[in-house]
Each structure stands twice: as C-alpha cells, then as structure tokens.
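In what follows, a single structure is set out as structure tokens and then discussed.
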Amino acid sequence: MNILAFESSCDETSASVVAREGDKFTVKSNIIASQVETHKLYGGVVPEIASRAHIEAISSITYEALKVADVTMDEIDAVAVTANPGLIGALLVGVNFAKALAIANNKPLVSVDHIKGHIATCYLDTEGNVPTPPFLALTVSGGHTGIYLVEDYDKIKLVGSTRDDAIGESFDKIGRIIGIPYPAGKGFDALSKEGFNEAVGECDDYLSKYKKSLAYKSGAFTLPSPAVKDDSFDFSFSGLKTAAINLLHRYEQLGEELPRAQFAARYTFEAVEGVAKKLGMAIDAYGVKEIALCGGVAANSHLRNRLAMLAKEKKIKLYVPPVSLCGDNAAMIGAQGYYEYIQGKFADSSLNASASDTIE
Ligand code: KG4
Ligand code: ZN
C-alpha cells in the first residue's frame, strides 16, 4: 500500500510517499522544503512567517512527492498528516490541505502525532533493522525532550520529559549567544568536537575520557546537570541554560575571550550525560532490550556516541535513524500513519490541529 504523508508542524514543509510491502517500508519520495534560511534572519522560527511559507510550498511539494515516487493519486491508499503538537498556524496548513485532498480523492485520512512520527523514523530502515515493541524511545528535538515507552506501534506512554526547555532549543539558544547561526545545533556539535579533541584527543569514547581530563577538572565551565535529582526520568534544561548564560556574561563583563570550543564541549557533555543518566535509569526500571534515539537532536554525534556506549554497557540494542531522517520530514509521518491505518484509526473532516502534546 502507498501512503501520502504531510508534515508542517514547524519550519519544514514536507510531503512523502511511503510504501508498505510485506513487513518493510520503502520511502518512495520524501520532499522537504526547509524555511531555515528565512527564519535565520530572525534568529528563530517566526510562527506567522512559517504558516505563510507552508501555504506557498505545500501544493508544489505534493506534486513533486507524487512525481518522484512515480505514483498517481489513484495509487494512494491513505493520506496521513501531522495534526499535533506544533505551531498551530503551521499545523493547520498541513491538516487542511490533507483533509481537502483526502475528501476530493475519496481516500481515508489518518491523523498522526508528530512525536510518534519521530519515533516511527526507526521503522524506515530498508534492511529491516528496526526495533520491535516494547522498547524505549528517547525523542530529542527543538521542542521536545522525552523518554517514551513504546508498548505497541500505536500505544506509546510518556515516562519522562523535560520540565521546562527542550534540549534542541537549549543548543539553539546558547549557540546563538556564542555566535552560531540558527539553528545552532549542528554548529554546536562541530564546535564541541573541537573542544573534546583539544581536551582528550580524537577517540571513540571521548565523552567518558573527558570527565577525567584537565579541561573538565579545571572547573572553568562548571555547569549543572539537566537530570532532575530525583527518581523520576525527567530533565530540566532551564538551569543548565541559565548557568551557561551567566557564565557567558561573566566572560563579557571581564572582557575575557571565551574559549568557545571548550565551553561548547562542556555544555554538550553535561547535556548528553544528563540525558544518558535518565535513559539508563529508565532502561533498568522497564527492563527493555531495545532503545531508539529519534528527533532532530538525534543527529548530535556526541549523543549518538554516548548512547552507543550506554547500550553496550546495558547489553541492549540501540536503533538510530540516519541523520537525513532525524529532522522533521513526512516519511516518518507516513510510517506511523501506516500503523494507525491498520488499526482502523481514521480521522474525518472534523479533524483539527492542536498545539499541545497528546501522549501521556
Ligand atoms: O526534530 P526537529 O527537526 O524539529 C523539531 O521538532 O523541533 O529538531 C530540530 C532541532 C533544532 O533545535 C536543531 O538545532 C537540532 O534539532 N539539531 C541538532 C543537531 N542537528 C539538528 N542538535 C544537536 N546536534 C546536532 N547535530
Ligand atoms: Zn520534530
């Protein structure tokens, strides 16, 4: 079967045709119109501009997704769309477009949660190297940081989350202050690598070696962990962010030059260790044998490296999507849409977008 899927929850307009044959998915097309260059001018996503850009892009990328996949609307079995969570105006564009397309072509409509979509990225591996529920998914993006228990493909429970800011937002914000253009995550990742290399040299487990290094012990960049100090699996990135901002202010007030790479390495170290700590606790508590890393921040090389170490230590399997599928895209919505479809979970013309999270 072929699913035509849409994603427009933030600053990426995407349309994709995902096919399901046997027990495997094939991504026939995955067209992404990114608005990053537009929002870069403002240092972050401007919701109203995002909505307008989605409207401008959605028709043409739909034609392109069908053309690249070499299928017609007649060959589409269902239309799937992100309905929540996200920027409300941005979501409404995708939802209304998908609704109109489904009604006009007499196709079933499936509503997909964006976070479930990010988790479903892990099912897209063409070799069939995919996690099987139950497993834990760490979903890290610009708007979310959570640990989810995937009990079944369409039954997902939130077991831990950020109590304030998301990890991706924190990289973007701190990165912007130290001069990395929006979205700063990728640049922050590269700068941190320089910092780790300076501190411990190039190696596979530099994150663990770093803790023993002089750069760490010097205390120049003492920063708090985002792992909440209790038995929960929750995070708090606001404390880490504030401490980092205060530290940067101090450098500015003293007129001292910031060793940017060392600072980025220490910030990344605390962020990644905090996340790995809570994930480790959740793995023990739920006794799962598989974990998955998803969302835009899953592209972070240090986090990928650290979770590979964690999985090895816990003797469990880690699934990480290719970097090209970590960010927002419609193929992931198509994959989750398939599982909602086979459960008969259809939406109708009353489908509305919602800015809020629905996974509890
Ligand atoms: O999933 P996504 O595309 O959009 C949301 O749903 O938020 O995630 C975007 C986030 C941004 O904060 C971006 O800076 C971050 O993912 N990101 C990274 C990396 N690549 C993208 N963060 C850290 N390291 C990266 N390599
Ligand atoms: Zn996302």
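The values are calculated or read from the model by the stated rules, or taken from the named source; none is laboratory data. Everything quoted here is computed from the prediction, not taken from an experiment. Please note: Cβ atoms are built from the backbone with ideal geometry, for glycine as well, and neighbour counts cover all protein chains shown. Side chains included, ligands, DNA and RNA excluded: accessible areas come from the protein's heavy atoms. Shrake-Rupley method; radii C 1.70, N 1.55, O 1.52, S 1.80 Å.
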With respect to A261, determine if the residue is outside any loop (DSSP other than H, G, I, E, B), free of Cβ contacts under 8 Å to residues at least 24 places away in the same chain and crowded, with 17+ Cβ neighbours inside 10 Å. no
Cβ-Cβ below 7 Å, separation at least six or inter-chain, first residue in segment 200-212 and over 16 Å from V272 (Cβ atoms), second at pLDDT 90 or above and among the aromatic types (F, W, Y): which pairs? none
Only one of (1) within 16 Å of ligand 2 (Cβ to nearest atom); (2) within 21 Å of A90 (Cβ to Cβ); (3) assigned to a loop (DSSP other than H, G, I, E, B) fails for P321. Which number is that? (2)
Looking only at residues that are away from ligand 2 (no atom under 15 Å from the Cβ) and among the β-branched types (V, I, T) in segment 157-199, which one is farthest from R260 (Cα to Cα)? V159
Complete set of residues in segment 1-16 that are among the hydroxyl-bearing types (S, T, Y), in a strand (DSSP E or B) and touching a Leu at 6+ places or on another chain (Cβ under 8 Å): S16
Within segment 32-43, how many residues are touching a residue at least 12 places away in the same chain (Cβ under 8 Å) and part of a helix (DSSP H, G or I)? 4
Inspect all residues belonging to segment 128-135 and state whether any of them is within 19 Å of K277 (Cα to Cα) and touching a strand residue (DSSP E or B) at 6+ places or on another chain (Cβ under 9 Å). yes
What's the number of the condition G337 fails, among (1) within 24 Å of E7 (Cβ to Cβ); (2) away from ligand 1 (no atom under 16 Å from the Cβ); (3) open to solvent by 30 Å² or more (accessible area, probe 1.4 Å)? (3)
Go through segment 49-58 and count every residue that is within 15 Å of I31 (Cβ to Cβ) and either in contact (Cβ under 8 Å) with a residue 24 or more places away in the chain or in a loop (DSSP other than H, G, I, E, B) (or both). 4
Return the residue satisfying two criteria in turn: it lies in segment 274-305 and is surrounded by fewer than 20 Cβ atoms within 10 Å (Cβ to Cβ) and within 18 Å of L191 (Cβ to Cβ), and of such residues it is nearest to ligand 1 (Cβ to nearest atom). S301
Check whether at least one residue in segment 134-144 is aliphatic (A, V, I, L, M) and within 22 Å of V17 (Cβ to Cβ), and report yes or no. no
So which of V17, V46 ends up being of a type outside the set (D, E), without any contact (Cβ under 8 Å) to a residue 24 or more places away in the chain and buried (at least 17 other Cβ atoms within 10 Å of the Cβ)? V46
Considering (1) buried (at least 19 other Cβ atoms within 10 Å of the Cβ); (2) closer than 23 Å to Q336 by Cα, say which one E151 fails and leave the rest. (1)
Got a number for residues in segment 94-133 being modelled with pLDDT of 95 or more and away from ligand 1 (no atom under 16 Å from the Cβ)? 22
I need the helices (runs of 4 or more DSSP H) fully contained in segment 138-244, keeping only those with at least 2 residues that are away from ligand 1 (no atom under 16 Å from the Cβ). 185-200, 206-210, 214-217
From the list K345, K312, which residue is part of a loop (DSSP other than H, G, I, E, B), at pLDDT 95 or above and out of contact with any helix residue (DSSP H, G or I) (no Cβ under 8 Å at 6 or more places or on another chain)? K345
